[in-house]
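Report on the following structure.
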Amino acid sequence: YVDAALMNLMDFNLYGDPSLQPYKPVKPKVIRVDNDLKECPDAEYTHISDAIAAALSSDIILVYPGTYFEPTMVVDKPLKIASAMEERPIVSIFSNLPVFTIQGASKVTVDGLVIRGRGCCIAVNACSDVVISHCNFNAPQGVLVADSRMVLIDGCEALSIDEGISVINSSIVLLVNCLLQNCSKHGVLLNRSSTCLVAGLNFTGCCHGLHVDSSSRVLAAYNYFSNSSRRDIYLENSSSILCFNIFMEPKLTDNGYNNTWYNPEIDRGNYYRNHTSPDADGDGVVDTPYPIPGSAGSQDLYPLAEPPVLICKVLHLPKGWSAISTPTLNPIELGNLKAYKWTGTGYVEARELEPGVGYWVYSAFDTPIVILGAPMNSCEVQLQPGWNFIGSISMDAKLENAPGAIVFDWNFKEQSYSITTAIKPFKAYWVYSPSEATARLVPR
């Protein structure tokens with residue numbers, strides 16, 4: 001698994017960065033956009049560009065389904081632009097300019113859009129704290145991030161385009177759970193950038209999957225590479241870690257220095273489909289190292305005999321208090337976020353999420369955290385008489401061996417509790433037990 005020590009090793013400082021300017025949240029106004037006024041007859045605008053021009057800092061723009069033909073749009077203030085419904089709206093321009101340019105702004109979110117253009121879908125320039133999530137890109141370039149820091153790209157798709165995601169001269173960039181398919185140049189290009197996380201990405205049929213040039217401190221974990229026409233990974237960088245990746249037809253080059261092709265904390269590397277034996281002692285590690293082509297002379301000293309199974313999930317915590325847990329076997333570091341766990345008589349502050357334990361986590365504004373690790377499929381929970389605050393496992397669960405215990409779920413939107421028997425991954429639950437018990441969380 002990818003444990004907290006690995007994240008510490010990379011010295012990621014992703015959340016609640018104290019070096020950012022103080023941010024005073026204001027109550028956002030919700031602006032609705034509907035191109036034909038059918039789904040939302042009372043929408044304030046029929047064009048996204050008009051809504052952006054009228055919006056004030058921290059407003060939320062909800063876009064209803066339909067096809068929107070827009071001019072190039074510049075976002076230079078804190079905004080959230082998101083799909084209003086499950087069906088994603090289509091945003092299209094006929095210019096070679098970017099569809100969206102996020103320029104010199106902080107706290108910008110673009111979520112749930114299908115974006116079409118002739119140039120770049122989203123250009124992020126000189127920004128901080130930007131989230132791009134669940135978008136589909138259909139243009140020569142998906143996302144271009146330049147001269148920025150603290151950017152999260154989560155759950156996006158770039159299919160049959162030239163360049164998927166390019167990151168230039170930027171730091172603290174998280175690329176998580178994206179699909180890069182049939183990109184004719186690069187799935188992901190990192191150039192002159194540092195402290196980047198590439199996790200849970202699917203690179204299929206790209207010319208170059210992950211290309212890292214003149215960069216440092218990249219953590220690439222639990223990515224899938226298949227059918228690359230040139231290379232799965234090309235490294236000309238330093239001080240990076242690559243582990244738990246799956247290479248179906250390995251095409252690798254490491255021309256950098258001081259890169260490590262395994263997790264040095266737990267001695268686990270990557271899976272190479274052409275190198276799965278021998279494993280004489282059955283410890284899951286192939287007995288012979290895997291040589292990595294390139295001038296660096298690197299080796300994966302601990303190649304995996306079987307493909308790894310990991311959880312890679314971004315939790316988007318709303319402003320305020322959230323009841324969360326990690327359904328992984330390993331603890332999760334929280335950076336500068338404040339978390340508290342219940343001892344039975346009071347709360348104590350915690351710096352990480354431990355498996356099986358529930359936590360209250362406070363965020364001054366909407367904040368993403370990354371959960372990355374081995375799934376926990378069951379868990380023993382020690383219940384004390386009275387109130388207990390428990391965590392979850394990696395699938396929907398129920399609480400066994402807890403006679404008379406009652407489970408309560410916290411509803412953030414309603415700000416209220418309700419009795420439940422279904423324990424969901426990543427959430428935390430109050431349990432009232434009439435007696436001491438050794439209970440278990442097991443799949444439903």
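The values are calculated or read from the model by the stated rules, or taken from the named source; none is laboratory data. Here the structure is a predicted model, which means the values were calculated and not measured. Quick reminder, even Gly has a Cβ in these numbers, built from the backbone with ideal geometry, and neighbours come from all protein chains shown.
The table below lists the values:
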| read-out | value |
| --- | --- |
| Residues of region 209-220 satisfying the condition of being more than 20 Å from the chain's Cα centre (by Cα) and crowded, with 24+ Cβ neighbours inside 10 Å | S215 |
| Check on S184, modelled with pLDDT of 95 or more, part of a strand (DSSP E or B), assigned by TED's automatic domain parsing to the domain that holds N263 and of a type in the set (G, A, S) | no |
| Of all residues in region 403-426 being in contact with a Ser or Thr (Cβ under 6 Å, 6 or more places away or on another chain) and over 20 Å from P331 (Cβ atoms), the one that is modelled with the lowest pLDDT | D409 |
| Top-ranked residue in region 18-42 [being hydrophobic (A, V, I, L, M, F, W, C) and modelled with pLDDT under 95; ranked as farthest from A82 (Cα to Cα)] | L20 |
| Count of region 315-341 residues which are part of a strand (DSSP E or B) and over 19 Å from N245 (Cβ atoms) | 14 |
| Residues of region 96-111 satisfying the condition of being within 19 Å of P71 (Cα to Cα) and either more than 18 Å from the chain's Cα centre (by Cα) or not in a strand (DSSP E or B) (or both) | N96, L97, P98, V99, F100, T101, I102, Q103 |
| Single residue of region 421-444 satisfying the filter (part of a loop (DSSP other than H, G, I, E, B) and aliphatic (A, V, I, L, M)) that is surrounded by the fewest Cβ atoms within 10 Å (Cβ to Cβ) | A422 |
| Filter pass, K341 being at pLDDT 95 or above, over 30 Å from V173 (Cα atoms) and charged (D, E, K, R) | no |
| Unique match (being modelled with pLDDT of 50 or more, crowded, with 16+ Cβ neighbours inside 10 Å and aromatic (F, W, Y)) among Y15, Y45 | Y45 |
| Selected residue (only one of L197, L175 is surrounded by 24 or more Cβ atoms within 10 Å (Cβ to Cβ) and within 21 Å of H316 (Cα to Cα)) | L175 |
| Within region 362-420, considering residues that are in contact (Cβ under 8 Å) with a residue 60 or more places away in the chain, more than 30 Å from N263 (Cβ to Cβ) and assigned to a loop (DSSP other than H, G, I, E, B), the one nearest to the chain's Cα centre (by Cα) | D366 |
